[in-house]
Amino acid sequence: LPLRFDWRDKHVVTQVRNQQTCGGCWAFSVVGAVESACAIKGEPLEDLSVQQVIDCSYNNYGCNGGSTVNALNWLNKMQVKLVKDSEYPFKAQNGLCHYFSGSHSGISIKDYSEYDFNEQEDEMAKALLTFGPLVVIVDAVSWQDYLGGIIQHHCSSGEANHAVLITGFDKTGSTPYWIVRNSWGSSWGVDGYAHVKMGSNICGIADSVSAVFV
Amino acid sequence: TWPRSREREAAAFRESLNRHRYLNSLFPSENSTAFYGINQFSYLFPEEFKAIYLRSKPSKFPRYPAELQMPIPNVS
């Protein structure tokens, strides 16, 4: 494994977004993974519509909450074509699903995987290198007050409650950490990112890991 | 679902300040460890913060099969 790796360095990660007071983190993390998976395959890097996932994935609850598993299952089973964010912009509240004609361009996924990598975070790092940014669900209660540094205490692997996207890792220092993109705007944390210690399942980061294939 | 009043926000902010002091006091010698402080969420009580921002449902995933040792790709 390289000591440090970040998909942002390959210019395949979109900018940090802000879910505002919409409980749609599950949609932001899944759409972020699809955006990066496409760019890794050589497609242009562009924001895809989170609002489309919020409004249309019927097996979730929009801004009232949802699950990455249900969102990925819906995208895969329905072969949904994710349109550009500019065509179906985010409005931080639930709305009626907009339907597009079959000929309308969009991105659909081929498949996805989901594993528990607890106690196997090196394998998880290999998955990150192999498949691209990973969708994870963490216990983010203590992230309310986070300003920076490496999260390694006060973050149980209790009940997972927040979906985010791992874009890289850094093992060059005394404490190795995951580089985690959040959806609370770029003024939160480290330019919108959190650093979470690798190797101890901090915040439950390794328990629920998904990768997307396009 | 909470009435947003100035008193309530002030009480939440005070509670946040106390929480920051506590969280920052525990591992002062660890230079790279996380640090906590005032941000856009400091006017919310933890239960309000959780109710608005932590809405992802947990899921139980199959354990990654250790024998499936993944080769390290050349990502250059």
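Which residues, taken from region B:7-20, are at the interface with chain A (Cβ under 7 Å from one of its Cβ atoms) and either touching a strand residue (DSSP E or B) at 6+ places or on another chain (Cβ under 8 Å) or farther than 30 Å from A:G173 by Cβ (or both)? Before the answer, list the steps.
Residues of region B:7-20 at the interface with chain A (Cβ under 7 Å from one of its Cβ atoms): B:16, B:19-20.
Passing the criteria: B:R19, B:H20.
Using the structure shown, decide if A:F90 is modelled with pLDDT under 95, away from every other protein chain (no Cβ under 13 Å) and out of contact with any Pro (no Cβ under 9 Å at 6 or more places or on another chain). Before you say what the answer is, go through the steps one by one.
Values: modelled with pLDDT under 95: no; away from every other protein chain (no Cβ under 13 Å): yes; out of contact with any Pro (no Cβ under 9 Å at 6 or more places or on another chain): yes.
Answer is no for this residue.
Table: residues versus (1) buried (at least 19 other Cβ atoms within 10 Å of the Cβ); (2) touching a helix residue (DSSP H, G or I) at 6+ places or on another chain (Cβ under 8 Å); (3) not basic (K, R).
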| site | (1), (2), (3) |
| --- | --- |
| A:G106 | no, no, yes |
| A:S113 | no, yes, yes |
| A:V138 | yes, yes, yes |
| A:Q152 | yes, yes, yes |
| A:N161 | yes, yes, yes |
| A:V164 | yes, yes, yes |
| A:K171 | no, no, no |
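Applying the selection to region A:143-182, what residues are of a type outside the set (A, V, I, L, M, F, W, C), in contact with a Leu (Cβ under 9 Å, 6 or more places away or on another chain) and more than 7 Å from chain B (Cβ to nearest Cβ)?
Across region A:143-182, the qualifying residues are A:T167, A:G168, A:D170, A:K171, A:T172, A:P176, A:R181, A:N182.
Counting only residues that are modelled with pLDDT of 95 or more and within 20 Å of A:A206 (Cβ to Cβ), which one in region B:38-60 is surrounded by the fewest Cβ atoms within 10 Å (Cβ to Cβ)? Steps first, answer last, please.
Step one: filter region B:38-60 for residues modelled with pLDDT of 95 or more, giving B:38-56.
Cutting the leftovers down to within 20 Å of A:A206 (Cβ to Cβ) gives us B:54, B:56.
Numbers: B:L54: 22, B:S56: 31.
If we take residues in region B:38-60 being modelled with pLDDT of 95 or more and within 20 Å of A:A206 (Cβ to Cβ), then B:L54 is surrounded by the fewest Cβ atoms within 10 Å (Cβ to Cβ).
Is region A:123-131 home to any residue that is part of a helix (DSSP H, G or I) and among the acidic types (D, E)? Even if it seems obvious, please write down each step before you answer.
From region A:123-131, those part of a helix (DSSP H, G or I) are A:123-131; that's our starting set.
From what is left, the residues that are among the acidic types (D, E) are A:123.
Looking through region A:123-131, at least one residue is part of a helix (DSSP H, G or I) and among the acidic types (D, E).
Mind checking which residues of region B:38-71 are part of a loop (DSSP other than H, G, I, E, B), more than 22 Å from A:L147 (Cβ to Cβ), aliphatic (A, V, I, L, M) and more than 7 Å from chain A (Cβ to nearest Cβ)? Spell out the reasoning first.
Of the residues in region B:38-71, the ones part of a loop (DSSP other than H, G, I, E, B) are B:38-45, B:54-55, B:57-62, B:64-71.
If we keep only those that are more than 22 Å from A:L147 (Cβ to Cβ) too, we end up with B:55, B:57-62, B:64-71.
Those still in the list that are aliphatic (A, V, I, L, M) too: B:66, B:68, B:70.
Scanning region B:38-71 gives a single hit, B:L68.
Select the helices (runs of 4 or more DSSP H) contained entirely in region A:22-101, then report the ones holding at least 3 residues which are surrounded by fewer than 23 Cβ atoms within 10 Å (Cβ to Cβ) and not polar (S, T, N, Q). So that I can check it myself, show each step before the final result.
Details: elements: A:25-40, A:50-56, A:68-78.
Because the criterion is at least 3 residues that are surrounded by fewer than 23 Cβ atoms within 10 Å (Cβ to Cβ) and not polar (S, T, N, Q), the helices (runs of 4 or more DSSP H) in region A:22-101 that meet it are A:25-40, A:68-78.
With the structure loaded, tell me whether A:Q19 is touching a Phe, Trp or Tyr at 6+ places or on another chain (Cβ under 7 Å), closer than 14 Å to A:I109 by Cβ and either surrounded by fewer than 24 Cβ atoms within 10 Å (Cβ to Cβ) or in contact (Cβ under 8 Å) with a residue 24 or more places away in the chain (or both) or whether it fails that test. Don't jump to the end; show me each part of the working.
On the way: touching a Phe, Trp or Tyr at 6+ places or on another chain (Cβ under 7 Å): yes; closer than 14 Å to A:I109 by Cβ: no; either surrounded by fewer than 24 Cβ atoms within 10 Å (Cβ to Cβ) or in contact (Cβ under 8 Å) with a residue 24 or more places away in the chain (or both): yes.
Considered against the rule, which asks whether it is touching a Phe, Trp or Tyr at 6+ places or on another chain (Cβ under 7 Å), closer than 14 Å to A:I109 by Cβ and either surrounded by fewer than 24 Cβ atoms within 10 Å (Cβ to Cβ) or in contact (Cβ under 8 Å) with a residue 24 or more places away in the chain (or both), A:Q19 comes out as no.
What number of residues within region B:21-37 are within 8 Å of another protein chain (Cβ to nearest Cβ) and either surrounded by 12 or more Cβ atoms within 10 Å (Cβ to Cβ) or touching a residue at least 40 places away in the same chain (Cβ under 8 Å) (or both)?
Going through region B:21-37, the residues within 8 Å of another protein chain (Cβ to nearest Cβ) turn out to be B:23, B:26-27, B:30, B:32-37.
Keeping just the survivors that are either surrounded by 12 or more Cβ atoms within 10 Å (Cβ to Cβ) or touching a residue at least 40 places away in the same chain (Cβ under 8 Å) (or both) gives B:23, B:27, B:30, B:32-37.
Looking only at that region, the number is 9.
The values are calculated or read from the model by the stated rules, or taken from the named source; none is laboratory data. Small disclaimer: the values here were computed from a predicted structure and weren't measured. Virtual Cβ from ideal backbone geometry, glycine too; neighbours counted across all protein chains shown.
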